[in-house]
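What follows is a short report on a single structure.
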Amino acid sequence: MNDFFTLTLSDDGVAHLQFTRPERMNTMAPAFFPALRDAVATLNAEGRARALVISSTGKHFSAGMSLDVFSGGMPLLQMADARARLAFQDGLRQLMRCFDVIEEARFPVIAAVQGGCIGGALDLAAACDLRVCSADAFFCVQEIHIGMAADLGVLQRLPKIVPPGVAREMAFTGDRLAAERALAVGLVNAVLPDPPATVAHALKLAQAIAAKSPLAIAGSKLALNYAVDHPTADALQQMTLLQSAIFDMGEMARAIEAWKDKRVATFDPLAPVAPV
């Protein structure tokens, strides 16, 4: 249990992580980051989750990092000398890894955004595979307004999701990107009328994904992630190795039979990841 979110996992393999601090606009305190990291890492290691939806409660998805953190609430921010600055680098990379687990998970992750997706929340959403939002949603690189460059992944991931010029506009101005423009530039996959419809749409997407072979889904995510940062020739070579590892005739036979019969196939979960 934690003070930031709830997490459920249904029998069909759909996990749902929901932020639960609407009275504080679901802001992120230092303890939020390892809690999120450990929750996603545990789902990944167990192998039963086939898709994850991250949603929220209240008016806003999340207002990002709580401002009181920047007033000395985080030991990471102590940088009085060279040793402290070196430690800062390591601490910041550990914070980044708390969102890396979303990108690296063996299952797709869908962000269902309502209201504001601000600052660190946009770093989180950018690490997800898919994003859907309500009509009142907006996205903002808030950090530029408080005199800092965003540093938890949004500046690295956003230009690979939206046109680079849009990413730079958001990063340099901190202007809000409204839902309809977010759809137009490819930041979100769908805009829904209100928060309940947004969560319902995200869960429907997750259920559709969960009905597919988890082996094929995991392989597809690995290939897509690799292709983002590698030339086509390298990505094709990676695919030859990846396909030789995950190609499974039994899995395909079950999928083809179910597809012909117009029913949902039954697949084994992914194997658990042994703890180190």
If I take R0 = 30 Å and measure r between the Cβ atoms of A235 and D194 in this structure, what FRET efficiency does the formula 1/(1 + (r/R0)^6) give, to the nearest 0.05?
0.15
Test of understanding: ordering E251, E23 by Cβ neighbours within 10 Å, fewest first, what list do you get?
E23, E251
Count the DSSP beta bridges whose two residues both fall in the chain, then state the antiparallel fraction as a percent rounded to the nearest 5.
25 percent
Contour minus end-to-end for R97 and K59, with contour as 0.36 nm per residue of separation and end-to-end as the Cα-Cα distance?
10.9 nm
At R0 = 35 Å, FRET efficiency that the Cβ-Cβ distance of A45 and K160 yields, to 0.05:
0.85
So how much slack lies between D3 and A227, counting 0.36 nm per residue of separation and subtracting their Cα-Cα distance, in nm?
77.0 nm
Within 10 Å of each residue's Cβ, count the other Cβ atoms and sort R24, R50 from fewest upward.
R24, R50
Each label point is 7 Å from the Cα along the Cα-to-Cβ direction; what then is the distance between the points at E169 and K204, in nm?
3.0 nm
Within the set of other residues whose C-beta is less than 14 Å from the C-beta of V154, count the net charge using Lys and Arg as +1 and Asp and Glu as -1.
-2
Which chymotrypsin sites (Phe, Trp or Tyr not before Pro) does segment 219-274 hold that lie in a coil by DSSP with at most 15 other beta carbons within 10 Å?
F247
Efficiency of FRET between V185 and E23 - r from beta-carbon atoms, R0 41 angstrom, step 0.05:
0.80
Which of the lysines could a cross-linker bridge to K160, judged by Cα under 21 Å and excluding same-chain residues fewer than eight apart?
K221
Is the shape of segment 5-210 rounded, prolate or oblate, going by the alpha carbon gyration tensor and its root eigenvalues a ≥ b ≥ c, with a/c under 1.5 for rounded and a/b larger than b/c for prolate?
oblate
Please list, ordered by chain and number, the residues whose modelled amide H lies under 5 Å from the amide H of R21; skip anything fewer than 5 residues away on the same chain.
N26, T57
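Compute for segment 214-261: radius of gyration divided by Kirkwood radius, i.e. Rg/Rh, restricted to C-alpha atoms, rounded to two decimals.
1.09
If each DSSP helix of 4+ residues adds -39,500 (n - 2.57) and the sum is divided by the residues in the chain, what number results at 222 nm, nearest 500 deg cm²/dmol?
On the way: 10 runs with 125 residues, N = 276.
Taken over the chain, the calculation gives -14000 deg cm²/dmol.
Each reported figure results from applying straightforward, stated rules to the coordinates on display, with no laboratory input. Here the structure is a predicted model, which means the values were calculated and not measured. Note that we place each Cβ from the backbone using ideal geometry, even for glycine, and neighbour counts take in every protein chain shown.
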